[in-house]
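Shown next, in structure tokens, is the structure this report addresses.
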Amino acid sequence: MDILIEKASIFDVSLPIPPSKSHSQRVLAMALLLEGTEIYRLGDSYDELSALGILQDLGLQVKIEGDKTTITNGYQFDSDVVIKCGESGLSSRLFGVLMASNDGHVSIEGSRSLLNRPMGDLCDALDQLGIAFTSNGGKLPVTYRGGQSESKAITLNGNVTSQVITGSLFYAVKMAKKDVIVIQIENPSSIPYLKLTCHLLSQIGANIKFNKEWTEILVAPSVLKRNYSTVIESDWSSAAFWCVAAAIGGKVALLGLCLDSIQADRMILEVLGLAGALVADDKQTIFVEKHELNAFEWNADSCPDLVPIISVLALFCDGISVISGVSRLQHKESDRLSAIVEELSKVNNAVSTSNDQLFIEGKNWKKWNTPLLFETYNDHRMVMSLSILSMFLPFGGNVSNLDCVKKSYSKFFDDLRRFTSYKFAE
């Protein structure tokens with residue numbers, strides 16, 4: 001389905017932000033290490049529902065009452081299982097390594113875009129643990145028999161994603177019974193995501209230490225809590241789209257965000273500051289307002305998911321913006337780097353890449369006289385970013401593949417109506 005988004009008028013919007021799926025998926029995986037878990041404000045994105053479905057398939061009891069989800073765990077890690085991850089890269093790698101502790105046959109499966117994403121890092125982690133596996137040419141499904149590893153050390157490469165390291169941390173917390181398990185990391189990246197994982201695991205009693213470079217993590221034997229209760233933070237990744245919209249053309253108050261969050265995409269505030277947007281806060285509300293925008297330089301190594309939307313921001317800045325650390329974008333739900341260059345070049349005469357950098361010369365507009373047609377490559381972040389861009393084009397924009405936003409932000413288009421009008425294409 002396609003949507004035609006109209007040019008927005010100046011807006012002033014107050015908007016609550018949905019729960020963080022990064023936070024939610026980690027807490028759901030933690031439920032496998034505990035007897036009982038209470039989660040308040042669990043989100044309804046497809047990635048979160050996939051993780052919840054994995055627990056239900058493993059036999060965990062799930063009860064939902066209003067905004068409270070109660071999970072009772074009786075799984076013994078001793079049976080043959082199929083782990084259905086949907087399109088969630090995090091679930092595939094997190095459960096993919098954690099279930100290596102399962103004394104039975106394990107099949108890690110996915111659907112749609114996830115079937116095309118390389119799983120070499122997951123395969124490497126299993127190999128380091130001494131677990132024989134099969135894969136579909138380095139992609140899902142990945143199958144193995146778990147439970148037999150006695151490895152006390154593992155070396156992983158973090159240059160593509162930190163997700164398999166997160167999975168290895170969960171595995172180590174479960175398996176460190178008498179000895180310390182050492183995780184060595186080459187080329188660490190997306191460090192805020194590792195901080196989030198370690199922070200959450202420490203809340204249930206995991207004994208984790210790491211050096212300041214994040215090249216070594218030690219997981220010692222721990223006495224974990226039996227029960228855990230938590231509230232899911234609001235999602236800085238979702239908030240970033242509205243932050244950029246306000247910086248370009250209006251004003252927004254974003255409600256419920258944790259100002260001292262360790263979520264990676266909280267760094268959108270730094271990018272806005274570099275570009276010159278007006279940003280203020282009041283307890284759990286972030287205010288962003290339109291202002292004259294200037295070109296910026298930004299290293300996205302720690303927060304690659306921000307690149308599509310900050311690329312849109314760069315289109316409206318005076319001068320040439322430089323975003324580095326972008327080569328990893330080739331291995332997301334789409335080849336995001338190529339997608340960004342292809343689609344933004346429909347608007348701008350000067351979008352290019354070189355040596356792990358993305359260059360965008362702002363306000364270097366092409367001429368057109370009808371709504372622009374954007375392809376989104378069935379990638380949720382491309383859909384949302386190009387929808388924000390369409391709000392500020394002279395004739396609006398036509399955006400495709402709307403349903404894929406449900407992967408991360410199910411009510412995105414409901415919220416978009418508060419900023420501008422749109423209609424579904426026939």
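Key figures
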{"item": "Criterion (of a type outside the set (Asp, Glu), in the same structural domain as Arg381 (by TED's automatic domain parsing) and part of a strand (DSSP E or B)) met by exactly one of Ile268, Ile248, Ile208, Ile286", "result": "Ile286"}
{"item": "Qualifying positions in the stretch 1-21 - touching a Lys or Arg at 6+ places or on another chain (Cβ under 6 Å) and buried (at least 16 other Cβ atoms within 10 Å of the Cβ)", "result": "Leu4, Pro19"}
{"item": "Number of the exception - Ser92 against (1) among the polar types (S, T, N, Q); (2) in contact (Cβ under 8 Å) with a residue 24 or more places away in the chain; (3) surrounded by fewer than 15 Cβ atoms within 10 Å (Cβ to Cβ)", "result": "(3)"}
{"item": "Residues located in the stretch 374-395, provided they are out of contact with any Cys (no Cβ under 6 Å at 6 or more places or on another chain) and surrounded by fewer than 23 Cβ atoms within 10 Å (Cβ to Cβ)", "result": "Glu375, Tyr377, Phe392, Leu393, Pro394, Phe395"}
{"item": "Residue that is nearest to Ala264 (Cα to Cα) [pool: residues in the stretch 21-45 that are charged (D, E, K, R) and assigned to a helix (DSSP H, G or I)]", "result": "Lys21"}
{"item": "Residues of the stretch 324-340 that turn out to be among the small types (Gly, Ala, Ser), assigned to a helix (DSSP H, G or I) and surrounded by fewer than 18 Cβ atoms within 10 Å (Cβ to Cβ), as a count", "result": "2"}
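Results for (1) assigned by TED's automatic domain parsing to the domain that holds Gly43; (2) within 26 Å of Arg328 (Cα to Cα); (3) not β-branched (Val, Ile, Thr), shown as yes or no for each residue.
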{"site": "Ser352", "(1), (2), (3)": "no, yes, yes"}
{"site": "Ile360", "(1), (2), (3)": "no, yes, no"}
{"site": "Lys363", "(1), (2), (3)": "no, no, yes"}
{"site": "Thr376", "(1), (2), (3)": "no, yes, no"}
{"site": "Ile388", "(1), (2), (3)": "no, yes, no"}
{"site": "Asn398", "(1), (2), (3)": "no, no, yes"}
{"site": "Asp403", "(1), (2), (3)": "no, yes, yes"}
{"site": "Lys406", "(1), (2), (3)": "no, yes, yes"}
{"site": "Thr420", "(1), (2), (3)": "no, no, no"}
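Residue-by-condition table, conditions (1) of a type in the set (A, V, I, L, M, F, W, C); (2) out of contact with any Phe, Trp or Tyr (no Cβ under 9 Å at 6 or more places or on another chain):
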{"position": "Lys209", "(1), (2)": "no, yes"}
{"position": "Val231", "(1), (2)": "yes, no"}
{"position": "Ala239", "(1), (2)": "yes, yes"}
{"position": "Leu255", "(1), (2)": "yes, yes"}
{"position": "Leu278", "(1), (2)": "yes, no"}
{"position": "Glu297", "(1), (2)": "no, yes"}
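The values are calculated or read from the model by the stated rules, or taken from the named source; none is laboratory data. It should be emphasised that the depicted structure is a prediction, and the values quoted were computed from it without experimental measurement. Don't worry about glycine lacking a Cβ; one is built from the backbone with ideal geometry, like all the others, and counts go over all protein chains shown.
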